[in-house]
1. Search the stretch 59-110 for residues being outside any loop (DSSP other than H, G, I, E, B), open to solvent by 60 Å² or more (accessible area, probe 1.4 Å) and among the aliphatic types (A, V, I, L, M), and hand back the single one that is nearest to TRP49 (Cα to Cα).
2. Quick check on the stretch 178-190. Is at least one of its residues loosely packed, with under 13 Cβ neighbours inside 10 Å, at negative phi and not in a helix (DSSP H, G or I)?
3. Just to be sure before I move on: is ALA220 open to solvent by 30 Å² or more (accessible area, probe 1.4 Å), aliphatic (A, V, I, L, M), in contact (Cβ under 8 Å) with a residue 60 or more places away in the chain and in a loop (DSSP other than H, G, I, E, B) in the structure I sent?
4. With ARG194, ARG156 as the choices, which residue is more than 18 Å from the chain's Cα centre (by Cα) and open to solvent by 80 Å² or more (accessible area, probe 1.4 Å)?
5. Before we move on, is ARG33 open to solvent by 40 Å² or more (accessible area, probe 1.4 Å), more than 29 Å from ARG168 (Cβ to Cβ), in contact (Cβ under 8 Å) with a residue 60 or more places away in the chain and part of a loop (DSSP other than H, G, I, E, B)?
6. For the stretch 55-111, how many residues meet the condition of being under 19 Å from LEU161 (Cα atoms) and more than 11 Å from the chain's Cα centre (by Cα)?
7. What residue, of TYR154, TYR164, TYR144, is touching a Pro at 6+ places or on another chain (Cβ under 6 Å) and either under 24 Å from LEU106 (Cα atoms) or without any contact (Cβ under 8 Å) to a residue 12 or more places away in the chain (or both)?
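The values are calculated or read from the model by the stated rules, or taken from the named source; none is laboratory data. What you see is a predicted model; the values in this text were computed from it and never measured. Here the Cβ positions follow ideal geometry from the backbone for every residue, glycine too, while neighbour counts run over all protein chains shown. Side chains included, ligands, DNA and RNA excluded: accessible areas come from the protein's heavy atoms. Shrake-Rupley method; radii C 1.70, N 1.55, O 1.52, S 1.80 Å.
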Amino acid sequence: MDVLFQAADRTTVCSRWSTAAAEVDFERCPPLRPFPIRRGKRLAPGWWWSATTGRLVHYGSAAMRLHVMLLDRDPRVSGLAARPLELRWRERGETRMHAPQLMLRLADGEGVLADCRASQELSQRQRSLAAVVGEICGAVGWRYWVLGPVNPVYRRNVTWLARYRHPRYHGGQRLAAALEDTFAHPAPLWDGVRAIGDPLLVLPALFHALWAGQLAADLAAAMHERMLVWTQVER
């Protein structure tokens with residue numbers, strides 16, 4: 001079992017998977033190859049600025065962009081990279097290869113490889129590949145995730161909050177403390193905002209706090225001015 005990846009000097013390296021999985025910081029590796037532009041697709045490949053890493057993460061499809069966004073908000077994730085490696089193995093006398101779309105580093109140090117799918121149903125080929133890659137990951141103490149469709153209301157809410165993910169929307173310590181105190185107990189969003197001050201200043205900081213997990217709300221329901229917001233004790 002081998003793995004291909006790019007070293008810091010941009011040379012392509014081939015190494016034993018069992019060794020590289022323990023030694024290489026794949027979350028810092030650049031994409032092994034760019035995602036192609038496909039005619040007829042509504043979304044071209046692009047880059048997502050990650051609040052988790054402070055770096056750009058490449059994506060190649062709408063499904064991948066969605067999950068890059070969601071993982072960027074996931075408190076379990078400390079590192080995120082797009083297609084930084086390609087696995088190669090022998091099966092029935094033939095060499096097979098697969099480059100998972102994402103590599104994640106969890107806060108506890110565990111590695112995860114992931115692929116993003118637009119459909120909940122997997123083809124027989126996709127199921128077979130997922131089983132093999134799952135075994136490959138499990139052999140070195142990693143995980144493999146197949147990430148599918150997401151609740152559309154939750155997706156729209158997080159998409160809105162993602163606009164405020166950059167630290168420039170934090171608002172400063174005084175405003176952060178005011179948000180924490182005001183929403184120490186669940187309160188309607190607009191009432192709390194007006195109690196703190198100018199909504200034009202408070203709302204961006206509130207949305208940033210909701211993105212960052214310092215404040216919480218039921219994001220599975222539509223956001224509105226009367227939605228309850230509360231301080232999140234633990235992210």
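1. ALA62
2. yes
3. yes
4. Working: ARG156 fails: more than 18 Å from the chain's Cα centre (by Cα).
Only one candidate qualifies: ARG194.
5. Values: open to solvent by 40 Å² or more (accessible area, probe 1.4 Å): yes; more than 29 Å from ARG168 (Cβ to Cβ): yes; in contact (Cβ under 8 Å) with a residue 60 or more places away in the chain: yes; part of a loop (DSSP other than H, G, I, E, B): yes.
Here the answer is yes, as ARG33 does meet what is asked.
6. Final tally of qualifying residues: 4.
7. Working: TYR154 fails: touching a Pro at 6+ places or on another chain (Cβ under 6 Å); TYR144 fails: touching a Pro at 6+ places or on another chain (Cβ under 6 Å).
After applying the criteria, what remains is TYR164.
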